[in-house]
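The block underneath contains the structure these notes are about, expressed in structure tokens.
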Amino acid sequence: DAACSSAASEAGHAALGWEEAGSLRTGALADFTTVALDSVRTAGTLPRLAAETAVFAASAADVRHTVVGGRHVVRDGAHALVPDVPSALAGAVQALRG
């Protein structure tokens, strides 16, 4: 409902002292992700269950866009900052193993 939405956005950020965040508007800080609801994991989702489907059924392959601080990090499913995600992940795992 509207009260929960406000608490998770404008009101929540204001409570933290972040007046420049919490809404989708030009010049505001924004972190959000869009998830496809038409994949084999998410197809047929009722609109009222979209959030639950995104959390419990979608996978990384369903992430279409991620914006952090108003800047695209993932666009159309491709990471904008890390061109070869599998190699970067393999390198990070190898570094942890020593």
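The values are calculated or read from the model by the stated rules, or taken from the named source; none is laboratory data. Just so it is clear, the model here is predicted, and its values are computed rather than measured. Here Cβ is always computed from backbone atoms with ideal geometry, including for glycine, and neighbour counts include all displayed protein chains. Surface areas here come from the heavy atoms of the whole protein model, side chains and all, with no ligands, DNA or RNA. Shrake-Rupley method; radii C 1.70, N 1.55, O 1.52, S 1.80 Å.
Within segment 10-47, track down each residue that is among the β-branched types (Val, Ile, Thr), part of a loop (DSSP other than H, G, I, E, B) and touching a helix residue (DSSP H, G or I) at 6+ places or on another chain (Cβ under 6 Å).
Hits for segment 10-47 are THR42, THR45.
Regarding segment 65-76, can at least one residue be identified that is at pLDDT 90 or above and part of a loop (DSSP other than H, G, I, E, B)?
Just the residues of segment 65-76 that are at pLDDT 90 or above, to begin with: 65-66, 73-76.
Applying the additional criterion that residues be part of a loop (DSSP other than H, G, I, E, B) yields 76.
Scanning segment 65-76, I find at least one residue that is at pLDDT 90 or above and part of a loop (DSSP other than H, G, I, E, B), so the answer is yes.
Of the conditions (1) loosely packed, with under 15 Cβ neighbours inside 10 Å; (2) touching a residue at least 40 places away in the same chain (Cβ under 8 Å); (3) not hydroxyl-bearing (Ser, Thr, Tyr), GLY91 clears all except one; give me its number.
Looking at each condition in turn, GLY91 falls short on (2).
Being surrounded by 11 or more Cβ atoms within 10 Å (Cβ to Cβ) and touching an Asp or Glu at 6+ places or on another chain (Cβ under 9 Å) is the filter here; which residues of segment 63-72 pass it?
As a first pass, look at segment 63-72 and keep what is surrounded by 11 or more Cβ atoms within 10 Å (Cβ to Cβ): 63-68, 70-72.
Within segment 63-72, ARG64, HIS65, THR66, VAL67, VAL68, GLY70 meet the criteria.
If the requirement is being open to solvent by 60 Å² or more (accessible area, probe 1.4 Å) and free of Cβ contacts under 8 Å to residues at least 60 places away in the same chain, which of these qualifies: ALA57, ALA51?
Every option except ALA51 fails the conditions.
Working only within segment 13-48, note down all residues that are exposed (fewer than 10 other Cβ atoms within 10 Å of the Cβ) and of a type in the set (Gly, Ala, Ser).
The answer is GLY17, GLY27, GLY44.
Just for segment 79-88: of the residues that are under 19 Å from the mean Cα position of the chain (by Cα) and among the aliphatic types (A, V, I, L, M), which one is least open to solvent (accessible area, probe 1.4 Å)?
Ranking the candidates gives VAL82 first.
Anything in segment 43-62 that is hydrophobic (A, V, I, L, M, F, W, C), under 30 Å from GLY27 (Cα atoms) and out of contact with any strand residue (DSSP E or B) (no Cβ under 6 Å at 6 or more places or on another chain)? List them, or say none.
Within segment 43-62, ALA50, ALA51, VAL55, ALA60, ALA61 qualify.
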